[in-house]
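What follows is a single structure, written as structure tokens, with notes after it.
The values are calculated or read from the model by the stated rules, or taken from the named source; none is laboratory data. Just so it is clear, the structure is predicted and the values come from calculations on it, not from any experiment. Backbone-built Cβ (ideal geometry, glycine too); neighbour counts: all protein chains shown. To get the accessible areas, we keep the full protein, side chains included, count just its heavy atoms, and leave off ligands, DNA and RNA. Shrake-Rupley method; radii C 1.70, N 1.55, O 1.52, S 1.80 Å.
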Amino acid sequence: MICEHCKQRNATVTVTQVQNSQKMEHHYCDVCASQFHPFHAEFKQEPVSIQQLLSNWFGSPTWQQKVGEKQQAPPQQQTCTYCGFTYKRFLKEGKFGCPSCYDTFAEHLPKLFNRIQAGPQHIGKMPGAHSNVYVVKKQIEDIRKRMKDAVDEEQFEEAAKLRDEAKELENQLQFEGGDVS
Amino acid sequence: MMIEPFLESATPVWMHVEDDYSDIVISTRIRLARNLDGYRFPLVFSEDEALQVEQAVTHAIQDSSKLLERYSYFAIKDLTPLQRQILVEKHLISPQLAKKELVGSMLLSEDESISIMVNEEDHLRIQCMTASFQLQKAYEQANKIDRALEGALPYAFRDNFGYLTSCPTNIGTGLRASVMMHLPVLTLTGQMNQIINAMTRLGMTVRGIYGEGSENLGNVYQVSNQITLGKTEDDILADIQSVAEKIIQKERQARGKLMDKAELALEDRIYRALGTLTHARILTSEEAATCLSNVRLGVDLKLIDGIKAATLNECIVCMQPGFLQHYAGEALPPSERDRVRAKMLREALFQETLSKPTIGGKGEDSYDV
């Protein structure tokens, strides 16, 4: 079939229009179809949501812009899933909404704490349970370092022993509910 | 438990201690801010969450076998505005907690040296006070309570940021250490501004005792740490200790110099202040605070004897609006407060100055000319 617009190229796209309860079909080639219907290009990207289709139909693919913004989102755009606080609201109020905000905005906080505090890292007291987990984590870190040294020096027997030791501590940590990462 | 016994005296028993620092340091306060994981902060939490937090905290405190001290519980909403104001004037609760309409409560130890605020800016604020300059003692007390509660409450804590708080200015240790100091001669000689600037650079803040904007009133300053993250508790306490010691030393030196150079002028100033306090019929809070400061200096320099420092501490707290109205037994407009303030201070200082020949007389009536 030949494109009914340019009457030169082969028709590859069928557009169905419903007007006054009458169904009409048009057959266009790729080039002419893209001129009339900018959504054409999106048909190849399955699955396409109705919102995407509509926004393309009206010539403003806003969802694409939004995705783009989100990928390089400044902290203001992030939202704490627990309390709904945004970083912008934090800047306005000067206070956080819940403990989870500190996890949500964690990557932006060291800069802030460097400015208003003596540094970004807590070095003071910890609750008893945390203190145990912290000590074990430090031990694991230390054993891993020694393990690497042992491998570098080709003392594989020693390295294997250290690996088992680290594994045992990791199991202990998991048992206590601590994050081993 | 009734709140009245806690409102009766302006200064609790623990304040009536005198040691080597009592000439300058009035009291020391330690505060630890803590929150519970899994609950939003009081800034945004629901009433239901507030109730759950309150129940968890009060049960942990009242059921703890590790806490030897027993605490009386008060819900802020059950207290009258005047009762709340008196608690603020006594520094037992913060102005922010006093404003809470629905949530917010406090637990108070019998001697009033420990007050635990629930659902203020943070879920939990442990506050311990001592007379004079005893940072370690106050911290040990607060730490003991914190250690006893951490097993029973799911504290919001992260390895990197420490104890999580509503405001990032309290993050990390959640520790605020304050020393309340009377510095009349450093103020008189204009050295306070310089000291305040230096302290700000060291990560410390200076405030007045009668709340925001009262920096200079009565020459009483509260020196406290501003930094709570990136330093250990010991570092913070050591910093405050050394800064406060330097200020004490400077104030003493300045007092010594002033005595050498202008003893008569100083004595005149001090006795005029005593005269005002024992004879005035109208006293604004500004004038009363200035006069009490001068008389206190006179007592510390031994230019006046017969008046106890404890009496003056009591007057410093009592002359505030809440106490005055409690003393009068009725609500008073500001102009009436000035009259009642003058009467209250005359009565408070009268007994102690009675024996002095310079003042004489048999009773209050003999002052009337």
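Checking the condition open to solvent by 10 Å² or more (accessible area, probe 1.4 Å), under 22 Å from B:Ile171 (Cα atoms) and hydroxyl-bearing (Ser, Thr, Tyr), which residue from B:Ser65, B:Ser72, B:Ser94 passes?
B:Ser94
Considering each residue of region B:257-275, count those that are open to solvent by less than 40 Å² (accessible area, probe 1.4 Å) and without any contact (Cβ under 8 Å) to a residue 40 or more places away in the chain, and give that number.
Summing the residues that are open to solvent by less than 40 Å² (accessible area, probe 1.4 Å) and without any contact (Cβ under 8 Å) to a residue 40 or more places away in the chain in region B:257-275 gives 5.
What pairs come up if the first residue lies in region B:128-154 and is closer than 14 Å to B:Asp19 by Cα, the second is among the basic types (Lys, Arg), and their beta carbons are under 7 Å apart, counting only those six or more places apart or on different chains?
Partner pairs satisfying both residue conditions: B:Thr130/B:Lys137.
Would you please name the residue that is modelled with the lowest pLDDT, looking only at residues in region B:313-335 that are of a type in the set (A, V, I, L, M) and under 16 Å from B:Leu92 (Cβ atoms)?
B:Val317
Under 9 Å between Cβ atoms, which residue pairs at least 6 apart in sequence (or on different chains) link something in region A:127-156 that is at pLDDT 85 or above with a partner that is among the polar types (S, T, N, Q)?
A:Asp149/A:Gln155
Among B:Leu229, B:Leu237, which is part of a loop (DSSP other than H, G, I, E, B) and modelled with pLDDT of 95 or more?
B:Leu229
How many residues are open to solvent by 60 Å² or more (accessible area, probe 1.4 Å) and assigned to a loop (DSSP other than H, G, I, E, B) if we restrict to region B:1-18?
5
Please state which of the following conditions A:Gln121 fails to meet, knowing it meets all the rest: (1) modelled with pLDDT under 85; (2) on the phi < 0 side of the Ramachandran plot; (3) in contact with a helix residue (DSSP H, G or I) (Cβ under 9 Å, 6 or more places away or on another chain).
(1)
Condition check: modelled with pLDDT under 90, over 23 Å from the mean Cα position of the chain (by Cα) and farther than 30 Å from B:Gly256 by Cα. Does B:Ser65 satisfy that?
Considered against the rule, which asks whether it is modelled with pLDDT under 90, over 23 Å from the mean Cα position of the chain (by Cα) and farther than 30 Å from B:Gly256 by Cα, B:Ser65 comes out as yes.
Which is under 20 Å from B:Ser27 (Cβ atoms) and out of contact with any Pro (no Cβ under 6 Å at 6 or more places or on another chain), of B:Ala289, B:Ala331?
Just one listed residue meets the conditions, B:Ala289.
Return yes when B:Ala331 is on the phi < 0 side of the Ramachandran plot, away from chain A (no Cβ under 14 Å), surrounded by fewer than 19 Cβ atoms within 10 Å (Cβ to Cβ) and touching a residue at least 40 places away in the same chain (Cβ under 8 Å) and no when it is not.
The answer is yes for B:Ala331.
Scan region B:42-59 and tell me whether some residue there is in contact (Cβ under 8 Å) with a residue 24 or more places away in the chain, polar (S, T, N, Q) and under 16 Å from B:Leu107 (Cα atoms).
Checked against the condition, which is being in contact (Cβ under 8 Å) with a residue 24 or more places away in the chain, polar (S, T, N, Q) and under 16 Å from B:Leu107 (Cα atoms), region B:42-59 yields at least one hit.
Would you confirm, using the coordinates I've provided, whether B:Arg252 is open to solvent by 70 Å² or more (accessible area, probe 1.4 Å) and closer than 17 Å to B:Pro184 by Cβ?
yes
Looking at region B:31-50 only, could you name the residues that are away from chain A (no Cβ under 14 Å) and at pLDDT 95 or above?
Passing the criteria: only B:Arg31.
Tally the residues that are of a type outside the set (Phe, Trp, Tyr), over 21 Å from B:Leu175 (Cα atoms) and open to solvent by less than 50 Å² (accessible area, probe 1.4 Å), restricting the search to region B:35-52.
Qualifying residue count for the region: 5.
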